[in-house]
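One structure is given below, encoded as structure tokens.
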Amino acid sequence: MNTQTTIAGITFKNPVMTASGTFGSGMEYSEFVDLNQLGAVVTKGVANVPWPGNPTPRVAEVYGGMLNAIGLQNPGIDVFMERDIPFLKQYDTRIIVNICGKTVEDYVEVVERLGEEPAVAMLEINVSCPNVKEGAIAFGQKADALFHITREVKKHARQPVIMKLSPNVTDITEMARAAEAAGADALSLINTITGMKIDIHKRKFVLANKTGGMSGPAIKPVAVRMVYQTAQAVQIPIIGMGGIATAEDAIEFILAGASAVSIGAMNFVNPYTTVEVVRGIEEYMRQYQVENLTDLIGAVQ
Amino acid sequence: MKEKETAIILSQREIAPQIYNMWIETYLAEQAKAGQFLCIYPKDKSTLLPRPISICEVREDRKALRIVYRVAGQGTREFAGYRRGDTIAVMGTLGNGFPVEDAVGKKVFLMGGGIGIPPILQLAKEIRGEKQILLGYRDAHTFLREDMEKHGSVYIATEDGSVGVRGNVMDAIAENGLEADLIYACGPMPMLRAIKAYAAEHRMRAYISLEERMACGVGACLGCVVKTKEVDHHSHVKNARICTDGPVFEADEVDI
């Protein structure tokens, strides 16, 4: 049985990754799970300089999920290179670094710094965070802007580039095609769905940011649908995510066309989710006598 | 060491309106410290996130923990329905806890307000110093008062004046003419702000336990931050994580 999957020439021991922003750089969850068992750790978004993020409250629970408006608090690339990369290098797992920025130049600066670090397997470009006002999602909601930033990042990147797509668009396939046309090596989707929660007793927004990104099991059907549509529209591989709680959920995404999957909000609910999904996928493959995981990719009929 | 495990409920009762007292059997009790908290998970899958609840008391044999919580919503309402023998998923022990060693040989205020009172009990048990315990309640439902009286001099304040001093814990300090070298506190934000101001005025140290909406409880999601005077060690942006860098902070280090 072979659980390996390959994306843009990079081979992963299994298709299970962590969704950016839900797993830090792995330190906090290394107390719970053996990071060596993961296909990859996708790190929290890092910018060229430290970002303070949004005011609190930053998180809220909603039916079957949560809203967050963290606002990409991060220590900046200097601290990240000195602390987080050496930590992750101790493990036998792939490192994918998520990058955020306010301008094209910001992204390019981080991309170039990471180019010096061969331990970083891939770069994931966050153009879809709904919680920061400048940049970020502005690049991810217009096809021409997405094309432009993808092309600029590709010019400077030493590693393969994943563009992380926002579901908050009219047609996800239009965005996917734009990224592919600009040279993206892979896509990841979906980022969170913009939502809102109101405290009816206080008559106030629950989040200080008013809106936040929704994640958790309640968004899974939307995510599966978008992965399927995107897989039909482009040739480049897809990393699927959105509410994955179990191996069964992960397999849905793979059958819909994802070459790999990421666990996000469910890390908060069950810190062992990632490794349980790895085990569960193996069980599924045994049960249905699937020799290669890759045989399942896009195998829905 | 943080772990998520299934605890067994040993007892549960309502000790004041909407305030519940629960003892759970868990090996997490072995490492529990005053001021730390647990993340407790509702079984109802529509409420996914854990509820951060402070540790009220550690049983002497370190095999069980006591929590005292207020029913504030769907998750805690579910917890209130549990009975002896039921199981519950808990993660712990979380947070830094109170630095009890600082109190040795000192005169201290241990201050709790409302649902911030429970962690003060274990704190009172661990502190080696002269303990003046100040508790602020809404009304005559002075839960945990008898437990506290075993560990120090207790001064009560109630908002409606039904027991002790009318007003809050700050009024109780003034009315009773109390003094201390050091403060430990947990309670609502207005109370903690008043304590921060009092400590600054009296040039004394105050350790305050903060609360914020949390998701992961382990420092990964960056949901529960507090503004800090100095650059925080994690994100280097003067935003410390309450769940892991706290929940206990020195009052003058945080901007509340």
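B:MET1 exposes around 130 Å² of accessible area when a 1.4 Å probe is run over every protein chain in place. Pairs of Cα atoms in the range A:99-249 fall into 5 Å distance bins, from 0 up to the last occupied one, in shares of 2, 10, 18, 20, 18, 15, 9, 4, 2, 1, 0 percent. The calculated pair-distance distribution of the range B:41-126 uses every alpha carbon pair, bins of 10 angstrom beginning at 0, and gives 13, 43, 31, 10, 2 percent. Given a 1.4 Å probe and the protein chains as shown, B:ASP61 ends up with an accessible area of around 80 Å². Here is the interface size for B with A: some 2800 Å² of accessible area buried, both sides summed, with a 1.4 Å probe.
Show log10 I(q)/I(0) for the range B:210-256 at q = 0.20, 0.22, 0.27 Å⁻¹, two decimals, from a solvent-free Debye sum over equal Cα scatterers. Log-scaled intensity ratios, in q order: -0.54, -0.65, -0.98. Using R0 = 60 Å, the C-beta based FRET efficiency linking A:LYS142 and A:GLN287 works out to 0.85.
Taking a ≥ b ≥ c as the square roots of the eigenvalues of the Cα gyration tensor of the protein assembly as shown, is the shape rounded (a/c under 1.5), prolate (a/b larger than b/c) or oblate? Write out the running numbers ahead of the final one.
On the way: a/c = 2.28, a/b = 1.85, b/c = 1.24.
Because a/c hits 1.5 or more and a/b exceeds b/c, the protein assembly as shown counts as prolate.
One chain, two ends: B:GLU159 and B:GLU179. Fully extended at 0.36 nm per residue, the span grows by 5.0 nm beyond their Cα-Cα distance. Between B:GLU146 and A:GLU248, the C-beta separation translates, for a Förster distance of 56 Å, into a calculated FRET efficiency of about 0.65. Modelled spin labels at A:ALA299 and A:ARG279, positioned 7 Å past Cα toward Cβ, are 2.3 nm from each other.
Decide, for the range A:233-290, between rounded, prolate and oblate: order the square roots of the alpha carbon gyration tensor eigenvalues as a ≥ b ≥ c, take rounded if a/c falls under 1.5, and otherwise choose prolate if a/b is larger than b/c, else oblate.
Cα axes put the range A:233-290 in the oblate bin.
Return the whole-Å distance between the Cα centroid of the range B:90-169 and the Cα centroid of the range A:85-124. Distance between centres, Cα-based: 48 Å.
Relative contact order (percent) for chain A, with alpha-carbon contacts under 8 angstrom and 6 or more residues of separation? Let's see the in-between values first.
Values: 727 pairs, mean separation 61.8, N = 301.
It comes to 21 percent, rounded to a whole number.
Label-to-label distance, B:SER11 versus B:ASP252, with points set 7 angstrom from Cα along the beta-carbon direction: 4.3 nm. A Förster radius of 41 Å, combined with the Cβ-Cβ distance separating A:ASP199 from A:GLN235, puts the computed FRET efficiency at roughly 0.35.
Considering only Cα-Cα distances, which of the following residue pairs are longer than 22 Å: B:LYS4/B:LYS45; A:LYS102/B:LYS229; A:LYS220/B:LYS4? All intermediate terms of the calculation are to be shown ahead of the outcome.
Numbers: B:LYS4/B:LYS45 17 Å; A:LYS102/B:LYS229 26 Å; A:LYS220/B:LYS4 25 Å.
Pairs exceeding the cut-off: A:LYS102/B:LYS229; A:LYS220/B:LYS4.
Listed cross-link partners B:LYS107/B:LYS238; A:LYS13/B:LYS63; B:LYS150/B:LYS196; A:LYS164/A:LYS197; A:LYS197/B:LYS125 are compared with a 30 Å cut-off, the Cα-Cα value being larger for B:LYS107/B:LYS238; A:LYS13/B:LYS63; A:LYS197/B:LYS125. Applying the Kirkwood pairwise sum to the alpha-carbon positions of chain B produces a hydrodynamic radius of 18.4 angstrom. Convex hull volume per residue, computed on the Cα atoms of the range A:7-112, equals 137 Å³. Counting only heavy atoms of the protein chains and using a 1.4 Å probe, B:LYS150 has close to 150 Å² of accessible surface. Spin-label model, A:ASP171 to A:GLU105: label points 7 Å out along the Cα-to-beta-carbon direction sit 3.5 nm apart. Ordered by 1.4 Å accessible area with all protein chains kept, B:GLU212, A:GLU291, A:GLU109, A:GLU82 run largest first as A:GLU82, A:GLU291, A:GLU109, B:GLU212.
Whole number please: convex hull volume per residue of the Cα set in the range B:110-208, in Å³?
Values: hull volume 8.2 nm³, N = 99.
Value for the range B:110-208: 83 Å³ per residue.
Compare B:TYR41, A:TYR228 by solvent-accessible area with a 1.4 Å probe and give them largest first, with all protein chains kept in place. Spell out each step's value before the answer.
Working: B:TYR41 10, A:TYR228 100 Å².
Result, largest first: A:TYR228, B:TYR41.
Measuring from each cysteine beta-carbon in chain B, the ones with no other cysteine beta-carbon under 4.7 angstrom are B:CYS39, B:CYS56, B:CYS186, B:CYS224, B:CYS243. Pairs of alpha carbons in the range A:155-214 separated by more than 18 Å make up 52% of all such pairs. Divide the volume of the convex hull around the Cα atoms of the range B:3-94 by the residue count and you get 86 Å³ per residue. In terms of accessible area, using a 1.4 Å probe and ignoring ligands and nucleic acids, B:ARG205, B:ARG83, A:ARG113 rank largest first as B:ARG83, B:ARG205, A:ARG113.
Just checking the listed ones, A:LEU165, A:LEU35, A:LEU123: in the Gaussian network model of chain A with Cα springs under 10 Å, the one fluctuating most is A:LEU35. Could you check what % of the DSSP bridge pairs in chain B are antiparallel, to the nearest 5? Bridges in chain B are about 60 percent antiparallel. Where in the range B:24-42 does the amide nitrogen come within less than 13 Å of the point 7 Å from the Cα of B:ASP61, taken along Cα to Cβ? It comes to B:25-27, nothing else. Of the GluC sites (Glu not before Pro) found in the range B:129-199, those that fall in a DSSP loop while having at most 11 other beta-carbon atoms within 10 Å are B:GLU179. The Cα-based radius of gyration of the range A:5-296, divided by its Kirkwood radius, gives an Rg/Rh of 0.94.
Computed over chain B, the per-residue total of -39500 (n - 2.57) for DSSP H runs of n ≥ 4 gives a 222 nm mean residue ellipticity of -4500 deg cm²/dmol, rounded to 500. Please report how far the C-alpha centroid of the range A:7-58 lies from that of the range A:165-225, rounded to the nearest whole angstrom. Cα centroid to Cα centroid, the span is 18 Å. When the helices of chain A are scored as -39500 (n - 2.57) per DSSP H run of n ≥ 4 and the total is divided over every residue, the value at 222 nm lands at -8500 deg cm²/dmol.
The values are calculated or read from the model by the stated rules, or taken from the named source; none is laboratory data. Quick caveat: nothing in here was measured; it's all calculated off a predicted structure. Don't worry about glycine lacking a Cβ; one is built from the backbone with ideal geometry, like all the others, and counts go over all protein chains shown. Quick note on the areas: whole protein, heavy atoms, side chains included, nothing else; ligands and nucleic acids left out. Shrake-Rupley method; radii C 1.70, N 1.55, O 1.52, S 1.80 Å.
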